[in-house]
Amino acid sequence: MALATGLVLAGCGGDGGGGADAAALVTGVTQVAARDNRFAPAAIQVPAGTEVTWTFKDGFVPHDVTGDGFSSGEPRRKGTFAHTFDRPGTYPYRCTVHDGMTGQVVVTAAS
Ligand SMILES: [Cu+2]
């Protein structure tokens, strides 16, 4: 398929967090791992109606997932959190425990 992929993610927050701030949008993935103080993959693109699941797997380090309209609640070290994205848009989120631990879900119109 020939989707135009001219989407360039503007780095959010230029406060020198270091690392790769212009994360590539990963498609075909609905699972995100919270691990090594980062979300992997950090930016995914899914069609509307997709349930995205975060898995906490960082051993002793607790994380959470907090975005506009969704939150995994208390930081945790294991288990999963799932949220279904029904409306197209860009949904940045972060871990409130760790500065610079951010991610993004880009929701496209359902095909
Ligand atoms: Cu964290």
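The values are calculated or read from the model by the stated rules, or taken from the named source; none is laboratory data. None of the values given here were measured: they were computed from a predicted structure. Please note: Cβ atoms are built from the backbone with ideal geometry, for glycine as well, and neighbour counts cover all protein chains shown. All accessible areas refer to the heavy atoms of the entire protein, side chains included, with ligands and DNA or RNA removed. Shrake-Rupley method; radii C 1.70, N 1.55, O 1.52, S 1.80 Å.
Here are a few things to note about the model shown:
- Sole exception among (1) of a type outside the set (Asp, Glu); (2) at positive phi; (3) open to solvent by 50 Å² or more (accessible area, probe 1.4 Å) for GLY89, by number: (3)
- Of the strands (runs of 3 or more DSSP E) entirely within segment 19-104, those holding at least 1 residues that are within 16 Å of the ligand (Cβ to nearest atom) occupy 31-35, 38-40, 50-56, 80-85, 89-94.
- Enumeration of residues in segment 54-111 that are touching a Leu at 6+ places or on another chain (Cβ under 8 Å) and not aliphatic (A, V, I, L, M): GLN104
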